[in-house]
């Protein structure tokens, strides 16, 4: 298998975690006789510093010429004085639009070794394994008009507008992606909306219902977003694939971080466009950048998603996920998942090496995993 991967390390801890993720991908290529090439490009604050824009055209071109894009993190407080369209985060929104991916996949898995890290009781998180499918190019984040007039209003107190807008076609394409993923998992789909208040949600629910007949093997249920937020913390094992619009998915998938124990453990993939985009869920965490405290496991698990969704290498993806679980079972922890037990702490780089070792132990170096 040949894969061209664009690496956008970005800001803060982004370069540290993507370094470990690319090392794992290189190990998979070596063990499995695959050919992966990596091309680095700039995005976010580092791109503003170097080129005056959060997303240079050269980065867009590099991404479009690749088979997959692996991104670290975007965000730098020193650019907070800029208008939102000039800040580092604007580069992330733009690259999503340029690549055209409409379905954001965010797994949330309860690792037995991290049961005590969650603020939820172990019996609550036990066996939780959820895949969020979040619509990524519509809703409040992209709807027009949007503006903030700081002097508007009868008393000059200001006025702001954001627009939630969806078309049926936008809902159909992400819903079909969710149905197809549910068919490959436990065959249950939970669609989240606010249909008791919002017309967009009424369209959403009606559209999902109209597709059910095409997927008779998938059980479908609907949840209002406020109810879902509660059930996610009470009975997470009851959910399999969770389909949401943009804003609801952003919030709920972040909330699900407590199931795993840390946002640093959560990977994500954005699929359905010209090129798939992969990034860990965590932010740039500038306060710990360069300290060796960043958790690379979210990025490493994101690398597994690269193999699964862009390479079709399911066995290799599972091998990475098993290696991560073994490292956690052995008691190794980064600061965010150590629960104060600093004796078990390892650095970002050390954690990456431990996963590499666990991966090497589970793969026969002398036998290709897949014939090229």
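Read-outs throughout are calculated quantities, based only on the coordinates presented, and are distinct from any laboratory measurement. Just so it is clear, the structure is predicted and the values come from calculations on it, not from any experiment. Glycine gets a Cβ as well: all are built from the backbone with ideal geometry, and neighbour counts include every protein chain shown.
Listed values, structure above:
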{"item": "Estimated [θ] at 222 nm from DSSP helical runs (n ≥ 4, -39500 (n - 2.57)) normalised by residues in the chain, nearest 500", "result": "-12000 deg cm²/dmol"}
{"item": "Stokes-Einstein D (µm²/s) once Rh is taken as the Kirkwood radius of region 119-260 over alpha-carbon pairs, at 10 °C in 1.306 mPa s", "result": "98 µm²/s"}
{"item": "Order of 354, 8 - criterion: other Cβ atoms within 10 Å of each residue's Cβ, fewest first", "result": "354, 8"}
{"item": "Nearest-0.05 FRET efficiency for residue 314 and residue 235, computed from C-beta distance (R0 35 Å)", "result": "0.75"}
{"item": "Quotient of Cα Rg and 2.2 N^0.38 Å for the chain, N being how many residues it contains", "result": "0.99"}
{"item": "Approximate spin-label separation residue 226-residue 329, in nm, with each point projected 7 Å along Cα-to-Cβ", "result": "4.3 nm"}
